[in-house]
Amino acid sequence: MRRRGSQGEDIIGQWSEDKLELLAKYLKAYAIIMGNQKKKWLSSFHYIDAFAGSIVPILRDEDEERYISGSPLRAIATEPRFDSLWFIDLLPQRIKRLEELKQKFPERLIEIRDGNCNQILKEEIIPSLSRSDRRGIIFLDPYGLQVEWSTVQALAEARTFDIFVNFSIMGLTRQLQRNTLPTQDIRQRINLVMGNSSWVDGIYQLESQLSLFEEQSVSRESLSAEWLASLYAEQLKILFPHVSNPVIMKNSKNSALYALILASPKESAKKIMNDIFSRYERLKGNSGF
């Protein structure tokens, strides 16, 4: 659950601003490439925000509290312009704010949808935009484990979308207990996100030394952020030919929250994202981003 201000705005940390900056950098590179392709064969390119969230979230850290531009504003500001922008959310306050945002940009084609993004993506957006002369970038920034694997699979099969995924490491680890295999309900919940149950063997292993009368005990092999991110990235590679290296986003206490990963039909997209991620990690390692 995300923290919210008095007006329903998300209250975020520096790591979330970093995520938005990384998104904006990729959107800029993507739009330049697509703008050039419109001079040749491309008819249109589009931005889809599956969890649009706050338009102006509040950044809060030890020293300050300020409003920053959320993903909808960053997409609107991207040049060359997207031919259409789709914003999806469930919270009534956010839908209202998105409608107000739309009114401020009457010259832009902005579509707002209220509902479950899995259903909206599969039933409306993919059929509308998956033509050979159209392209789209989809930002999947869930609050937990809401993005179903069937949705990711449908996006991959369309072969017209890049997906920029925020994979919730924290959302996954909260479901899992040390020394105990997950219940059937938890397995099914995570299977919806991971695509199958192979993640169980990747995370857990049976203890090898058992006495005749001991029950099998289970220990968690590794729940490092890097390992969990690599599991999801490997799953994405089953569907998309080109998947970036994951970058781990951590909070002020150095706890891993999520991994950002780009998946695309195009190798150039992976190269661009890997370059953006590498620069980010170098800057964070030195002094900041």
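The values are calculated or read from the model by the stated rules, or taken from the named source; none is laboratory data. Since we're looking at a predicted model, the values are computed, not measured. Because the Cβ atoms are built from the backbone with ideal geometry, glycine has one as well, and the counts that use them run over all protein chains shown.
Worth a mention:
- Any pair with Cβ under 9 angstrom, 6 or more apart, that starts in the range 55-66 at a residue that is modelled with pLDDT under 90 and surrounded by 12 or more Cβ atoms within 10 Å (Cβ to Cβ) and ends at one that is part of a strand (DSSP E or B) and of a type outside the set (G, A, S): R60/I11; R60/I12; R60/R66
- Set side by side, the residues I169, I126, I203 differ, and just one is closer than 20 Å to S44 by Cα and surrounded by 19 or more Cβ atoms within 10 Å (Cβ to Cβ), which is I126.
- In the range 234-258, the qualifying residues are those that are touching a residue at least 60 places away in the same chain (Cβ under 8 Å) and under 10 Å from A156 (Cβ atoms), and the one that is surrounded by the most Cβ atoms within 10 Å (Cβ to Cβ) is F240.
- Looking across the range 171-185, the residues that are under 18 Å from S224 (Cβ atoms), at pLDDT below 85 and either not in a loop (DSSP other than H, G, I, E, B) or not hydrophobic (A, V, I, L, M, F, W, C) (or both) come down to Q177, R178, N179.
- Look at (1) surrounded by 21 or more Cβ atoms within 10 Å (Cβ to Cβ); (2) aromatic (F, W, Y); (3) farther than 24 Å from I11 by Cβ and you find that W149 fails only one, number (1).
- Matching residues in the range 97-151 - criterion: being of a type in the set (K, R) and part of a strand (DSSP E or B): R113, R134, R135
- Identity of the residue in the range 86-111, over 26 Å from L192 (Cβ atoms) and among the hydrophobic types (A, V, I, L, M, F, W, C), that ends up surrounded by the most Cβ atoms within 10 Å (Cβ to Cβ): L98
- Residue within the range 191-203 that is in a loop (DSSP other than H, G, I, E, B) and modelled with pLDDT of 90 or more present: yes
- Only one entry of R97, R113, R131, R108 meets the criterion of being under 21 Å from the mean Cα position of the chain (by Cα) and not aliphatic (A, V, I, L, M), and that entry is R113.
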